[in-house]
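The values are calculated or read from the model by the stated rules, or taken from the named source; none is laboratory data. As the structure is a prediction and not an experimental result, all values here were calculated from the model. Neighbour counts run over all protein chains shown; Cβ positions are idealised from the backbone, glycine included. Just the protein is used for accessible areas: all its heavy atoms, side chains included, with ligands, DNA and RNA removed. Shrake-Rupley method; radii C 1.70, N 1.55, O 1.52, S 1.80 Å.
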Amino acid sequence: MTRIAGGEVTLHDARRRTRRVVRLEPFEIGVYPVTEEQVAEVLGVAARHPDRPATDVSWLRAVHFCNAASEWEGLDPAYGFEGEEVTWHVDADGFRLPTEAEWEFACRAGSTGPHYGPLTEVAWTAADGVTSPQPVGGRMPNLNGAFDMLGNVWEWCWDLLDPARYDEYRVFRGGGFADDAWSVRASTRRGGAPRMHHEDVGLRLARGGFDTTDAAQGWSAAADRERAAIDAPLPPGWTPRSR
């Protein structure tokens, strides 16, 4: 893990055409994406490619892994479960997924452009012609000392993508090995259902507890409810969050 000092990041919601400035407290984030070797050690499963990012990991499996890693290290688990409903215990000191604001702030590392360096030097993308995730740390890190925050594999975050349109979909960030440069940007937002898993989506651990309830680091349960509220006819194909 590397410690990220507090600061501000501006998040953009393209559908709602809004921007918001988030003030962040210091937190920690993984130097690398979680690897197959780490998942194998914590969960007792096989690792075919130990030094590659763990992929085919659903959001639900990712948060369960965070708790397992916390218990492994003797830390307080960050998440509580009631069926598939997940609650973030914001004051816990255990491992967790970064919030979307934390992820983008850590990725940018002070940069203001779409990339923290030339993509050919910092990221595995479609331009490299690879057909699978590559071993972590093979490209240059950003100024926070974090590797592979752009390219290689997308990384799950805690936040809901757009609860008014996509119900329970969660955000993933960063772009993957099969994506072109337009998708491999610090600001690009994508997402999927909590049980979704793909060969180019993994995770990166974060840590940091806060003396708040249901709100921290740019996320709040109240904001989720507000974003889910719809007071107009639904466009075709929308499946809004019902609670």
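Things to note:
- Region 123-146, subset open to solvent by 30 Å² or more (accessible area, probe 1.4 Å) and hydrophobic (A, V, I, L, M, F, W, C), residue farthest from residue 7 (Cα to Cα): 130
- Criterion: closer than 23 Å to residue 201 by Cα and part of a strand (DSSP E or B) - qualifying residue of 11, 60: 11
- With respect to the conditions (1) open to solvent by less than 40 Å² (accessible area, probe 1.4 Å); (2) farther than 26 Å from residue 117 by Cβ, residue 157 lacks only one, and its number is (2).
- Considering (1) in contact with a His (Cβ under 8 Å, 6 or more places away or on another chain); (2) closer than 28 Å to residue 215 by Cα; (3) free of Cβ contacts under 8 Å to residues at least 40 places away in the same chain, the lone condition that residue 161 does not fulfil carries the number (1).
- Residue within region 181-189 that is in contact with a strand residue (DSSP E or B) (Cβ under 8 Å, 6 or more places away or on another chain), outside any loop (DSSP other than H, G, I, E, B), more than 19 Å from residue 105 (Cα to Cα) and touching a residue at least 60 places away in the same chain (Cβ under 8 Å) present: no
- When residues of region 80-112 are limited to those that are in contact with a helix residue (DSSP H, G or I) (Cβ under 7 Å, 6 or more places away or on another chain) and open to solvent by 10 Å² or more (accessible area, probe 1.4 Å), the one nearest to residue 154 (Cα to Cα): 95
Results for (1) in contact with an Asp or Glu (Cβ under 8 Å, 6 or more places away or on another chain); (2) polar (S, T, N, Q), shown as yes or no for each residue.
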site: 6; (1), (2): yes, no
site: 10; (1), (2): no, yes
site: 22; (1), (2): yes, no
site: 31; (1), (2): no, no
site: 45; (1), (2): no, no
site: 53; (1), (2): yes, no
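- Apart from one condition, residue 34 fits all of (1) in contact with a strand residue (DSSP E or B) (Cβ under 9 Å, 6 or more places away or on another chain); (2) modelled with pLDDT under 95; the exception is (2).
- Matching residues, region 167-206, being within 16 Å of residue 66 (Cα to Cα) and open to solvent by less than 10 Å² (accessible area, probe 1.4 Å): 201, 202, 203, 204, 206
- Listed by first and then second residue, the pairs with beta-carbon distance under 7 Å, at least 6 apart or on different chains, first residue in region 117-139 and over 24 Å from residue 36 (Cβ atoms), second assigned to a loop (DSSP other than H, G, I, E, B) and among the hydroxyl-bearing types (Ser, Thr, Tyr), are 119/125.
- Looking only at residues of region 190-232 that are charged (D, E, K, R) and part of a strand (DSSP E or B), we find that the one that is modelled with the lowest pLDDT is 190.
- Region 1-18, residues that are open to solvent by 70 Å² or more (accessible area, probe 1.4 Å), over 14 Å from residue 104 (Cα atoms) and of a type outside the set (A, V, I, L, M, F, W, C): 3, 15, 16, 17
- Qualifying residue in region 113-122 (condition: part of a loop (DSSP other than H, G, I, E, B), open to solvent by 60 Å² or more (accessible area, probe 1.4 Å) and more than 20 Å from residue 202 (Cα to Cα)): yes
- Matching residues in region 19-40 - criterion: being open to solvent by 60 Å² or more (accessible area, probe 1.4 Å) and over 17 Å from the mean Cα position of the chain (by Cα): 19, 20, 21, 23, 25, 37, 38
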